[in-house]
2 protein chains.
Amino acid sequence: MEFPISLEDIIAAHQRIAPYIHRTPILTSESVDKIAGCELYFKCENFQKVGAFKARGGVNAVLSLPEDQRKNGVVTHSSGNHAQAIALAAKMAGIPAYIVMPKTAPEVKRKAVAGYGAQITLCEPTQQSREENAARIQKETGATFISPYNDYSVITGQASCAKELLEDQPDLDIIIAPVGGGGLMAGTLLSAHYINNRIDVYAGEPEGAKDTYLSMQAGEITKVDEPSSIADGLLASMGDKNFEIIKPLVKEVFLVTDEEIVEAMRLIWERLKIIIEPSCAVPVAALLKNKEVFAGKKVGVILTGGNVDLAKLPF
Amino acid sequence: MEFPISLEDIIAAHQRIAPYIHRTPILTSESVDKIAGCELYFKCENFQKVGAFKARGGVNAVLSLPEDQRKNGVVTHSSGNHAQAIALAAKMAGIPAYIVMPKTAPEVKRKAVAGYGAQITLCEPTQQSREENAARIQKETGATFISPYNDYSVITGQASCAKELLEDQPDLDIIIAPVGGGGLMAGTLLSAHYINNRIDVYAGEPEGAKDTYLSMQAGEITKVDEPSSIADGLLASMGDKNFEIIKPLVKEVFLVTDEEIVEAMRLIWERLKIIIEPSCAVPVAALLKNKEVFAGKKVGVILTGGNVDLAKLPF
């Protein structure tokens, strides 16, 4: 099967963004391995620039724009981490960034976006309101819209994460990551497909935002009305560019409840002593819920981000 | 000046414990450096076995006991991290561990100690109650008492932490660590003294438990009645074995309030995305409070532990 992004594209994107992002460490934990019944390799994107993997796609998207298109700046909508990524990338490139954020986004994320000098517009926490506001700003300013996920340069940037993981741990049997809009999942699937196609890639998704799960069942993009989950980074609906990659390549989508997400988040905080956000705990919850699938395997887990509002913890 | 512990002792202890402990990573953060106005190298003992540097001293103390003395087990009193360290070391050595813990100790620490199979006795949160209970158990069982800090083999084990830090970052100008009973501080001072005596070593101490500060001023051990601080790992009173090392070697003791401790803890959580306990935030609070001392310097910060009760966070 032909995909719109090649291994060469992923390698080029990784080289393009490498000076601006961290090569994040992989952590292991004997005690979590014992609980999970498998060998886990946690790729710590919570230590990434802006505190999330989104720095990869955002920086790649902005740096891939032609010069004449760059000058009017970039616009996007995001619940937080992509917003920070675009704000950071725009600051690096010396161009304006216009960010539409749902007013429910954690304060820590809003403050961080403002800290990069981006102009924030708050909107309702719906896909429609996000898109309408972004379209209006795009029209007013001439800025280029960069989708949080439904964009090949974003997907290609996110693919660099699994590429690094597989460079450091080439003999993984499985990779698991969360799925929201599908940018990270599509990128992860492509890297695994090109580098070692015997690896099974699974997705974790919140019950309250299970559009990927439903889309896989239906064989076509199926939306969820009013998605809701503590995993606020995974509420976006699957993009068509992502789905064309995810549909043929993902092994299975596992659903988890908010309760299971909080429990997994607590486990990581207590055992690994690192801070991960709820969205990031979703694949951990998924593998703890489906132990038989992972038993005895070497499993790469993409820990996607660590931006939590310490004033609003679920513990 | 002659000290009761030599560089050879520290090297031997490090070799003895190395198979049982983690060589912890050193983290850096551009954003925290900017806030602090210096170059910070965080030695992450929150990633250590049992979640704290105490694994070093505890394992060294237990493994240094002669065979015939080991068999009746070990006893100690501790608010938590030393308790876990002794419980772990005893489990490794296959001997019983009797642990006296103040009933105010965080639940997560109590559960962890129980998890290593140690026998726990709860006591009042006073030095007297801790010591009385430990003495009684010692008499009843014939177990060897291992002080949380006032013990040369414990101090020698803790010294391995600064030794590793200086192996990885030989050109530090300053090292700062917290001081409670004085085991880590004494060990840190000795390693710095032997490896590079141009390094200034500072201590951070909570205002509410400032016995080291007062002892340095008086030139002799001076206790604080009813020490109290959110930094529950630093309430113990300075030991005489520790003070004989700390008195001539420490550059200065900085005091910080509980409010400053919480603010520093929040900064590390938000920027480094790692979990540290309040006691561990004390040196960070101290360097943020005394920026002129650290300005432009390369500073090693010993992050001592990450065992917090997530149900009782100060945010």
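Brief remarks on what is shown
- From B:273, B:247, B:291, residue being touching a helix residue (DSSP H, G or I) at 6+ places or on another chain (Cβ under 6 Å) and not β-branched (Val, Ile, Thr): B:273
- Hey, residue A:233 at pLDDT 95 or above, of a type in the set (Gly, Ala, Ser), in the same structural domain as residue A:161 (by TED's automatic domain parsing) and buried (at least 20 other Cβ atoms within 10 Å of the Cβ) or not: no
- Whenever a residue of the range A:89-113 is within 14 Å of another protein chain (Cβ to nearest Cβ), its partners that are in a loop (DSSP other than H, G, I, E, B) and surrounded by fewer than 19 Cβ atoms within 10 Å (Cβ to Cβ), lying with C-beta atoms within less than 7 angstrom and at least six residues away or across chains, give the pairs A:91/A:117; A:106/A:309; A:107/A:309; A:108/A:309.
- When the range B:114-145 is filtered for residues that are small (Gly, Ala, Ser) and touching a residue at least 60 places away in the same chain (Cβ under 8 Å), the ones remaining, listed by number, are B:142, B:143.
- Selection within the range A:9-37 - within 19 Å of the chain's Cα centre (by Cα), within 12 Å of chain B (Cβ to nearest Cβ) and among the hydroxyl-bearing types (Ser, Thr, Tyr): A:24
- When residues in the range B:139-151 are screened for being more than 10 Å from the chain's Cα centre (by Cα) and either surrounded by 21 or more Cβ atoms within 10 Å (Cβ to Cβ) or at positive phi (or both), 5 of them pass.
- Among the residues listed as A:84, A:119, the single one being in contact with a Gly (Cβ under 8 Å, 6 or more places away or on another chain) and of a type outside the set (Phe, Trp, Tyr): A:84
- If you go through the range B:21-40 and keep only what is among the hydroxyl-bearing types (Ser, Thr, Tyr) and in contact with a Lys or Arg (Cβ under 7 Å, 6 or more places away or on another chain), you end up with B:24, B:29, B:31.
- Elements of the type helices (runs of 4 or more DSSP H) sitting completely within the range A:29-139 and holding at least 1 residues that are acidic (Asp, Glu): these cover A:30-36, A:67-70, A:107-115.
- Within the range B:29-52, not a single residue is out of contact with any His (no Cβ under 9 Å at 6 or more places or on another chain), at pLDDT below 95 and farther than 25 Å from residue A:44 by Cβ.
The values are calculated or read from the model by the stated rules, or taken from the named source; none is laboratory data. Since we're looking at a predicted model, the values are computed, not measured. A quick note on method: Cβ atoms are made from the backbone with ideal geometry, for glycine too, and the neighbour counts reach across all protein chains shown.
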